[in-house]
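Undergrad: Below you'll find the structure I mean.
The values are calculated or read from the model by the stated rules, or taken from the named source; none is laboratory data. In this text, all values refer to a predicted model and were calculated from it rather than measured experimentally. Note: ideal-geometry Cβ built from the backbone for every residue, glycine included; neighbour counts use all protein chains shown.
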Amino acid sequence: MARLKLRSVLIYGAAVLLALYTLVPIVWVLLTSLKTEQETLAFPPRILPSGLNFDNYTKTILEGDYRYYAQNSLFIGVGGTLLVMVLAIASGYAYSKFFRYRAKNPLMIFIIIARMVPEIAIIIPLYFLMQSYGLYDTRIGVLLMMAAMAFPLATWLLKTFFDDVPVSIAEAATIDGCSSIGVLLRIILPISWPAIASTITITFLTIWNSFLIPLVFTKSAESKTLPVAISEVAYGEYGVNWGGLSAIAMVTIIPVFVIGLFAQQYLTAGLTAGAEKG
């Protein structure tokens, strides 16, 4: 009994330490975003602001060009996720166990290798490609590149989830007159919703948090994203605007927090869908 109590104490203690390690920086950024410039630079540092001061949000985001960055991030995140999911569902279904053809395994290996290639390794050819097609410094160009980066992982996840669907269900639907597309739309997708929801979440967060591609392929406020805005405020010409930097950071964190809060059950169910085989 004493050993079990000690084990429980260690487990809960580790969980509390991990939670503090994760939440304390976020809480500090939130408090800093509500401080005045004098409170931010005060020494010794003040933990709590004197009041709810939203000037950092209004001056940095609502009145400056950074509001366009938020719009761009939302457009690229939502649009890129929709594009990736449409293509990944089709390709994941094509690479699943429901189809057999000679080039299936080599193509799947190629997709896995594409996922392993770091973004920095292909920045130069991508730069010339975007320039030649007139997509440099455009939201559509960034959206297409981010979708291409997120597509391999989404395909691999969905292929793995689709492989868990019993073949007998698809065969029964085929006997009843369903085509291959009908089996996908009427049978596989409805019972794979937790997996699809988790893939949507992972894809959106991957695109939303991307920094290198928006940094390299954008130069105007009409196409830059929030991670780029954070870097610009952090390395400003007249020093670091800690209040504005914290405000932009909180605006960037809020969608991630909301999605994680509401998609937690789907993430857990989706990511453990292939853990047990029937």
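Undergrad: Quick one: count up the residues across region 246-277 that are of a type outside the set (A, V, I, L, M) and at pLDDT 80 or above.
TA: Final tally of qualifying residues: 4.
Undergrad: Can you list the helices (runs of 4 or more DSSP H) found entirely within region 100-196 that contain at least 2 residues being polar (S, T, N, Q), crowded, with 19+ Cβ neighbours inside 10 Å and on the phi > 0 side of the Ramachandran plot?
TA: none
Undergrad: When residues of region 36-74 are filtered for being among the hydroxyl-bearing types (Ser, Thr, Tyr), surrounded by 18 or more Cβ atoms within 10 Å (Cβ to Cβ) and farther than 24 Å from MET146 by Cβ, how many remain?
TA: Qualifying residue count, region 36-74: 3.
Undergrad: Looking only at region 75-84, which residues are surrounded by fewer than 21 Cβ atoms within 10 Å (Cβ to Cβ), among the hydrophobic types (A, V, I, L, M, F, W, C) and in contact (Cβ under 8 Å) with a residue 40 or more places away in the chain?
TA: Answer for region 75-84, where residues must be surrounded by fewer than 21 Cβ atoms within 10 Å (Cβ to Cβ), among the hydrophobic types (A, V, I, L, M, F, W, C) and in contact (Cβ under 8 Å) with a residue 40 or more places away in the chain: PHE75, VAL78, LEU83.
Undergrad: Looking only at region 197-222, filter to residues that are among the small types (Gly, Ala, Ser) and crowded, with 19+ Cβ neighbours inside 10 Å; which one of those is modelled with the highest pLDDT?
TA: SER210
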